[in-house]
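Inspection log for the structure reproduced underneath, given as structure tokens.
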Amino acid sequence: MRRSSALLVLTCLAAALVAALGLDASLAGAAQVVSPRVATRGWTPQTNGLSHNATLNGVAVTSTSTVWAVGMLPDTAGVNRGVIYRSTDGGAQWTRRTLAADNTGLTSVAFFSTRGWAVGYSTTSADKQQHAFVLSTANGGASWKVQNSHAGVRLNAVSVVDTNNAWVVGDKGAVRCTANGGTTWTARNTGKATSLRGVTFLDWSHGWAVGDNGTIMHTSNGGKSWAKQTSHTHASLCAVAFTSATSGWVAGSGGTILHTTNGGGTWKSQSSNLGTYVALSSLAFTDSTHAWAVGSASYGLWGVVLYTNDAGKTWKTQRYRVGAGLSAVACPAHSLLAWIAGDKGVVLHTSDGGGTGFIDKKPPTTKALNSITVAKGKSFTVKYAVDDTQSPRAATWIEVKTSTGKDAGTFWVGLEATNATLTAKLTATMAKGSYVYTVVAIDLAGRTVAAPGANTLIVK
């Protein structure tokens, strides 16, 4: 049986999502980089060794078989602890390292050869504020050591150019760099107190940092000085990627994607073909023209994957409605391989450039197992089943309608395990009367149940 789930009324939001996204959006014409001789497979969820309670914020690829994902995972007492996952077989199996420190979380990870950094925050019991947290490995992740960056705020991103030089950025305009593998970290002043969300360096001197309120900063001397670049947007910018000293992209809230061909001297908008309800959080270029952008729709309720094969002139959706918000994407250079990490321990993998969708072609099925009679304002328990032979979890909610089909309420349940009998404890907030409730589910591949299971609900 599942634990009791909190009530969330999402009637208007659910209706808007159905109208805006469609129950199973067609992927005809989706961008591909696959040779006609390569079988189209698309994105597949990876699950072995991953916990669905984890929130994964960062992903890094150090070879075609070695992948890292970092984030946070609550322990049995509900205390968040930073977590590092590693796979050495392309994601078939994952091993976990959970940090001993309480109230920690990791937001980003980056590697150069065997040297890597994972950054984030720790929350002290004294002031309840988030402070910088930096971990480093010099042996390919066999062991990790805490480093003191002397930043007093949460760190949001890290960029690495070699085994010695790395940069981290964080809240309130924090920038720190190291030139000796993290033995010492030096503060760099951007002149802005705006929180920075993303950073990238091409070499030890040329870098860009992006953040809230359309902030784009550039340095050509290793961060000793920074110049603001005009973005013409107030969006929160979370991701930045450059494929050369002149060609770069940034992405963020409102489906924002900007591109420059002159090192950031001018930035121009590229259409993501998404509504303003989508926040893009990560970019990954496998070469100068092929890339992915990932993010979340409707406050993290869904994930979205975009792809371009023409340097962003067109961005096309490879999949809407993944059953969790997506936070990070990474890929080796000049490869059809890529990995995506996100909420609920979701990790997705493609070996063919994303293909035209997921291997999972079968939608879930649901059953509503009990008829219910309950007094208005009282709690009741719904028993139901979500079955799917190809997806281990599915995003699930309960829709309540009158006998004439009018919406009466929506109860968001969460990302549920499939192939099990489940329960959700809800509250009868609707008026007295007779209703029909249905169990709606969307699997990790974004496929929705075709005929939701239904049963009666009477509120007295």
Filter result for the condition that a residue is under 26 Å from S195 (Cα atoms) and either surrounded by fewer than 22 Cβ atoms within 10 Å (Cβ to Cβ) or not assigned by TED's automatic domain parsing to the domain that holds R176 (or both), over A101, A132: A101
Filter pass, W204 being touching a residue at least 24 places away in the same chain (Cβ under 8 Å), out of contact with any strand residue (DSSP E or B) (no Cβ under 8 Å at 6 or more places or on another chain), farther than 23 Å from A291 by Cα and not hydroxyl-bearing (S, T, Y): yes
Residue tally, condition surrounded by fewer than 21 Cβ atoms within 10 Å (Cβ to Cβ), in a strand (DSSP E or B), out of contact with any Phe, Trp or Tyr (no Cβ under 6 Å at 6 or more places or on another chain) and among the hydrophobic types (A, V, I, L, M, F, W, C), over the range 365-399: 2
Filter result (under 14 Å from A239 (Cβ atoms) and not in a strand (DSSP E or B)) within the range 268-298: S272
Filter pass, D102 being part of a loop (DSSP other than H, G, I, E, B) and either over 26 Å from T200 (Cβ atoms) or in contact with a Ser or Thr (Cβ under 6 Å, 6 or more places away or on another chain) (or both): yes
Within the range 400-428, considering residues that are in a loop (DSSP other than H, G, I, E, B) and small (G, A, S), the one nearest to V382 (Cα to Cα): A428
Qualifying residue in the range 353-369 (condition: over 30 Å from V67 (Cα atoms), hydroxyl-bearing (S, T, Y) and free of Cβ contacts under 8 Å to residues at least 24 places away in the same chain): no
Residue among T256, T286 that alone is closer than 23 Å to D310 by Cβ, hydroxyl-bearing (S, T, Y), surrounded by 18 or more Cβ atoms within 10 Å (Cβ to Cβ) and at pLDDT 95 or above: T256
Failed condition for A330, given (1) of a type in the set (A, V, I, L, M, F, W, C); (2) farther than 30 Å from T456 by Cβ; (3) outside the structural domain of G42 (by TED's automatic domain parsing): (3)
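Okay, residues lined up against (1) buried (at least 18 other Cβ atoms within 10 Å of the Cβ); (2) hydrophobic (A, V, I, L, M, F, W, C); (3) touching a Ser or Thr at 6+ places or on another chain (Cβ under 6 Å):
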site: S195; (1), (2), (3): yes, no, no
site: V199; (1), (2), (3): yes, yes, yes
site: G214; (1), (2), (3): yes, no, yes
site: T219; (1), (2), (3): yes, no, no
site: Q229; (1), (2), (3): yes, no, no
site: G248; (1), (2), (3): yes, no, yes
site: A251; (1), (2), (3): yes, yes, no
site: V278; (1), (2), (3): yes, yes, no
Of residues in the range 399-428 being at pLDDT 90 or above and charged (D, E, K, R), the one nearest to P45 (Cα to Cα): E399
Residue match in the range 64-85 (condition: modelled with pLDDT under 95, in contact with a Pro (Cβ under 8 Å, 6 or more places away or on another chain) and either loosely packed, with under 15 Cβ neighbours inside 10 Å or outside any strand (DSSP E or B) (or both)): yes
Qualifying position, being of a type in the set (S, T, N, Q) and part of a strand (DSSP E or B), among S143, S149, S159: S159
Residue within the range 259-274 that is outside the structural domain of D443 (by TED's automatic domain parsing), under 17 Å from T350 (Cβ atoms) and in contact (Cβ under 8 Å) with a residue 24 or more places away in the chain present: no
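The values are calculated or read from the model by the stated rules, or taken from the named source; none is laboratory data. Note that the coordinates shown come from a computational prediction; the quantities given were computed from them, not determined experimentally. A quick note on method: Cβ atoms are made from the backbone with ideal geometry, for glycine too, and the neighbour counts reach across all protein chains shown.
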